[in-house]
Amino acid sequence: MKPLTKNMWRDIGKSKGRFIAIILIIMLGVLIFVGVKATGPSLNDSLNRTVVENKLSDIQVTSTTGFTKSDLKKASIKGGKVEAVKYKQAVGGKGLAVSLYGYDKNNNQNSLIVRSGHLPRNNNEIILDQVAQTKYGYKLGQKFSFSKNANLKNRSYKIVGFASSPQYIDNESRGSSNVGDGTVRLFAYIPDDQMNLKAATQLNIRFKNLQSKDTFSDSYKDAVSSKVDILETKFKKRADQRSTSLYKTSKNVLAQQQVKLDSYKNKLIMSQAAGMNVSSQLEKLNSQQKELDSATKELRKQTKTSYIWQTRADLPGFSAYGESSDRIAAIANVFPVFFFLIAALITFTTVTRMIEEARGQIGTFKALGYTKWEIAQNYFYYALTAGLIGTVLGAVIGNETLPRIVLALYKQYIPLTWDVKFQWLIVLLALLFSLISTVGAAMIVVSRELSEGPAELMRPKAPKSAKKILLERIKPFWNRLSFNRKVSYRNLFRFKSRMFMTIIGIAGGTALILTGFGIQNSIGASGSRQYGEIFDYQAVVKTNHLGDTLKVLKKDQQYKNSAAIHATTGKIYHSGHQVNDVNFYTPENRDFSKYIHLKDINSKKSLNLKNNQVILTKKMATILDVKAGDIIKLKTVGKTHRVKVSAVTQNFVGHFMYLNKTTYQKLFGKQPKSNTLLLHLDRQTSNQRNNLANQLLKNGRALGTSYTYDQQSTISKMTSSLNPIILIFILLSGILSFVVLYNLTNINVSERIRELSTIKVLGFYDKEVTMYIVRENIVLTILGIIVGYGVGNLLTAYILNQASTALVIFPLTIHLTGYLVATILMIIFTVIVMLITHHKLKYIDMIGALKSSE
Amino acid sequence: MAYIEVKHEYKRYQMGETEIIANNDLSFEVERGKLTVILGPSGAGKSTVLNILGGMDSPSDGEIIIDGTDIGKFTERQLTEYRRNDVGFVFQFYNLIPNLTTKENVELASAIVDDALDPTEVLKQVGLSQRIDNFPSQLSGGEQQRVAIARALAKNPKLLLCDEPTGALDYETGKQVLTLLQNASHKDDKTVIIITHNSALASMADRIIRINDAKVRSVEDNQDPKPVQDIEW
Ligand SMILES: Nc1ncnc2c1ncn2[C@@H]1O[C@H](COP(=O)(O)OP(=O)(O)O)[C@@H](O)[C@H]1O
Ligand SMILES: [Mg+2]
């Protein structure tokens, strides 16, 4: 080893702390950058792997009347495997809507992940959804009974196992039902022949060549939708065919009865003609005829065939899963970069300080005749070593742990097969960044120092001539300060770069912690504000018959009052943009304003519906670039209409267009017929909610009831799915701030060791010596925290903007807790650093520091 | 009784395998209100004993009795208090705080003791009343050393310890500084100890202690110390 190189390694040995600090900071930056960047893909990969392993179907089609053998053949298109499943929804257990499947050993798709017990082996056995155990308390060996309407071979089955299914990845959602209270609570499998169905009601189709694609990718979605298109075309005429043929076969029985009835009638008429009193028989006959007629009608209804096509994206919980990993990816684009920037700045300061300390040495080497490059090389290697070690450690730890921690904390989903790939591209990017901030910094500082001659270098650097600071000119303020404070302020401004670094470090940490809370709070706020400020009702009931529905409602204990509206959906166009799935709400009367509060986005004033004008919600207005006064185009079924926008209203979730009856009449040429009720209800228990929905479905001719309570809890669940990642952010941001503060304080102490020794010799007590330097930290920490509040708000706003979906606005909200936690953490860090510094200063070698001439 | 009594003082440094003895059984006395010069070549152990006298370091062995108390047995806290209230230090390299003005540098010291002298007054004494608002970098070496002396004096200490105070100064400024120190002793009755390797300075002192090779070689009293201005070297 060359003496110069040896010298470098000894230097590292002497200042281990600083070398480790650089490694640590780079490591943290890389760790969070790579870790967070890897989390999104890992979440998607793991879900993909899980659904591929369990052979989730790509397409599912259900038929109201079942499938024939030839249907199966029709459905098997190139590359696809088709399996037929008997499926129905039934009410079972404690009044729960159950999605019930027939278990067929020979079927491979959508295979169950048995969590305990086993699959059904005998006729009287059932395997239940895992949530039956966790949420509803069922146990192995118990009986599970179905209602009579379920029409199964048996009424009750023995629970022999609990399972998860790739069709139901999100434990919190099972889809909607047309039985029970309208929400599926469980899925279950009983032996195939127990279903008591003649034909299979569901076809599962799976394409081998699609399995390597990412389920959430556009390329997968496009491929699947083109397959659906092919299938839909093939089945287009099939529905009517099947309806007719089913009707014909079953009609025979009815037709025979009609013949019997007719001949009986003839006989009666003849008897009547013969003068006999047959009026009672005739009456009976008439009622039988009526029954027969309604049976015919019922048959038509029952044989009416329709198909529902579903892809993976339609499965409950799937889209939400994709969205939450998208959201993490959006966070990953800003958060870690910010983190990295701080790490780079700190590394820069540290390297600068290190090289400045070695000035004399560099001068000596130069005087001895070493070339610039030979000297620079050592710092280059020093920085390179620190940068490389930091990057490798950070990349490996970040990539391997963060995604796994998040996966492990994703308790809301079925157990996933973890698939954490090493993200080479991101690691390379991180490496580039860290080398710029280490080697780059070293090169800049060295080239600056090396441009001085050896003689200059060997002399201590001329101290920057001290100046009066601006604050001193504010005499009334300055004169009131204690002597020690004056000294602190002077020092703060003397070491400007360190001052800014400390502020950036603290502000960065505060901002990142605040952002962590902010993301969470804001997502939650989209729900709480939508259902607090804007939607002031407790439930929406869609109904076929307002009168019947109201009759049921009036019997309900918690029902207070309701407003009728006409609700339909359509598309809106403006300036080349388009928004689908807009809800058009036309209220029946003025009561409406007590149920939905329309408030202008700018003036915050209440809005009224004007004739021949409509009110749009904010997100849609933003997408369409619409403001009050603009003319928009809208489309319901087929026809396009034009209308003026009177105002844009505050709204957070979904797209709505509000119009009055006159406007509706004018636009669509007919009176709106109310089909939806907005309800005011007293506080309900979940049982009461289920009961009411049940009643409305059964007796009130309702099509469905949805409670704002459920919607709000869905949003709060969405919020909590982000908890793990937020927690990690908060933790790492804290560590970063701490390392920054510690490192800078260390540099500060080493730069001013002479000054500190001097005051120690003067007889300052240990506490006073510590305060002499820490007082500056306190001021900087306070400033940093305040700046951090501002930056945190900006950063949150930016990330929310990135993460917002087409349907939802996340109003920037950071609760007091966030501010408190960030502030308290920063104060704790300042105190810890103070204690460490105190300990260090107690044992500094003041004699040694004062002896030398430098 | 003498103000300072050093009795069989040892200072040993353990450097790996070898032991360096910086002070080897030093014994001497220093009288209250007198000017004492410690003379000896570089590496003799002068600074070591001065640092111990000033409470910056503790002896390995022996007694350091100052005004009747053995500071050799003091705790860190007691030593700090001793430095704070009883000692003023002047170093070869002035060790001023670069970021504080002349006056503030003096205030730094006066702020921590109760019976401190007025900083402006002391600065006038050392002839720097015109430079009160200047920063150290704007002063010459001699001026800086005078600020350092003012800083030491402002605490109104009983004992003034000076380690080669003229080491970095030229002849004339060196004389000015030494005059200030001689006055502190002869006019203000402070006990002053000056370290130097310049034997010509012996004649300004009331007592001369010669140290060589870690041992006291001689202690000599001078009944008629010369004013610094009259000494030539
Ligand atoms: N902290 C220390 N560690 C080891 N040796 C020391 C230390 N301080 C001083 N010495 C040694 O003690 C001896 C006396 O030093 P010093 O008192 O500074 O001499 P002087 O001031 O007379 O020039 C020298 O040989 C020096 O190397
Ligand atoms: Mg010395």
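Things to note:
- Charged-residue dipole, Cβ positions (Lys, Arg, Asp, Glu), the stretch A:567-628 about Cα centre, Debye nearest 20: 260 debye
- Taking amide hydrogens as placed 1.01 Å from N in the peptide plane, the amide H of residue A:653 sits under 5 Å from those of A:809, each at least 5 positions away in sequence or on another chain.
- Legend: mean number of C-beta atoms from other chains within 10 angstrom of residue C-beta atoms, peptide B:90-102, equals 5.
- Each residue of the stretch A:395-410 was assigned a 3J(HN,Hα) from its phi angle through the Karplus expression (A = 6.51, B = -1.76, C = 1.60, θ = phi - 60°), giving 5, 5, 5, x, 5, 8, 9, 3, x, 5, 4, 4, 4, 5, 8, 6 Hz with x at Gly and Pro.
- Per-pair calculated FRET efficiency, R0 = 56 Å: residue A:688 and residue A:475 via Cβ, rounded to 0.05: 0.20
- Using bins of 10 Å that start at zero, the share of Cα-Cα pairs per bin across the stretch A:529-710 amounts to 10, 37, 33, 17, 3, in whole %.
- Percent accessible area from carbon and sulfur atoms, chain A, protein chains only, probe 1.4 Å: 56 percent
- With N the number of residues in the stretch A:182-279, Rg(Cα) / (2.2 N^0.38 Å) evaluates to 2.09.
- Shape annotation for the protein assembly as shown: C-alpha extents along the principal axes are 172, 63, 54 Å, from largest to smallest.
- In this simple spin-label model, placing a label point 7 Å from the Cα along the Cα-to-Cβ direction at both residue A:794 and residue A:72 gives a separation of 6.5 nm.
- Area hidden from solvent between B and A (accessible, protein heavy atoms only, 1.4 Å, total, Å²): 2700 Å²
- Value of Rg/Rh across the stretch A:791-841 [Cα atoms, Kirkwood radius]: 1.28
- Probe 1.4 Å, accessible area per residue of the protein assembly as shown, Å²: 46 Å²
- Cβ-placed point charges (K, R +1; D, E -1), dipole of the protein assembly as shown about Cα centre in debye, nearest 20: 8460 debye
- Percent RCO, i.e. relative contact order, over chain B, from Cα pairs under 8 Å lying at least 6 residues apart: 27 percent
- In sequence order, the stretch A:226-233 has phi-based couplings of 5, 5, 4, 4, 4, 5, 4, 4 Hz under the Karplus curve 6.51 cos²θ - 1.76 cosθ + 1.60, θ = phi - 60°, and Gly or Pro positions carry x.
- Among beta bridges from DSSP that stay inside the protein assembly as shown, the antiparallel ones total about 70%.
- Modelled FRET efficiency - R0 30 Å, residue B:2 with residue B:77, Cβ distances, 0.05 increments: 0.70
- Between A:676, A:401, A:758, the Cα set farthest toward the positive side of the dipole of chain A (charges on each charged residue's Cβ, about the Cα centre) is that of A:676.
- Leading residue at positive end of dipole, the stretch A:529-710 (Cβ point charges), from A:601, A:584, A:617: A:584
- Each residue of the stretch A:557-562 was assigned a 3J(HN,Hα) from its phi angle through the Karplus curve 6.51 cos²θ - 1.76 cosθ + 1.60 (θ = phi - 60°); the sequence is 4, 8, 5, 10, 7, 8 Hz, with glycine and proline shown as x.
- Euclidean distance of C-alpha centroids, the stretch B:169-209 and the stretch A:655-710, integer Å: 102 Å
- Averaged over the residues of A:475-486, the number of partner chain Cβ atoms lying within 10 Å of the residue Cβ comes to 1.
- In terms of the mean number of neighbouring beta-carbon atoms within 10 Å, the peptides A:317-329, A:60-72 order highest first as A:317-329, A:60-72.
- Helix-only mean residue ellipticity at 222 nm for chain A, each DSSP H run of n ≥ 4 adding -39500 (n - 2.57), per residue, nearest 500: -18500 deg cm²/dmol
- Distance between the modelled labels on residue B:120 and residue A:294, one decimal in nanometres: 11.2 nm (7 Å Cα→Cβ projection).
- Model label points for residue A:249 and residue A:639, set 7 angstrom from Cα along the Cα-to-Cβ axis, are 4.3 nm apart.
- Reach of residue A:717 by Cα under 12 Å, taken over aspartates and glutamates that are not fewer than 8 positions away in the same chain: A:170, A:172
- Within 10 Å of each Cβ in A:518-530, the average number of Cβ atoms from other chains: 0
- Which listed pairs, of A:301/A:673; A:74/A:234; B:73/B:215, have C-alpha distances above 19 Å, in listed order: A:301/A:673; B:73/B:215
- About its Cα centre, the stretch A:425-578 has a charge dipole of approximately 1040 debye under the convention of +1 per Lys or Arg Cβ and -1 per Asp or Glu Cβ, with nothing else charged.
The values are calculated or read from the model by the stated rules, or taken from the named source; none is laboratory data. What you see is a predicted model; the values in this text were computed from it and never measured. With ideal geometry, Cβ positions are generated from the backbone for all residues, glycine too; neighbour counts draw on all protein chains shown. When the accessible area is computed, the model is the full protein with side chains, heavy atoms only, and any ligands, DNA or RNA have been set aside. Shrake-Rupley method; radii C 1.70, N 1.55, O 1.52, S 1.80 Å.
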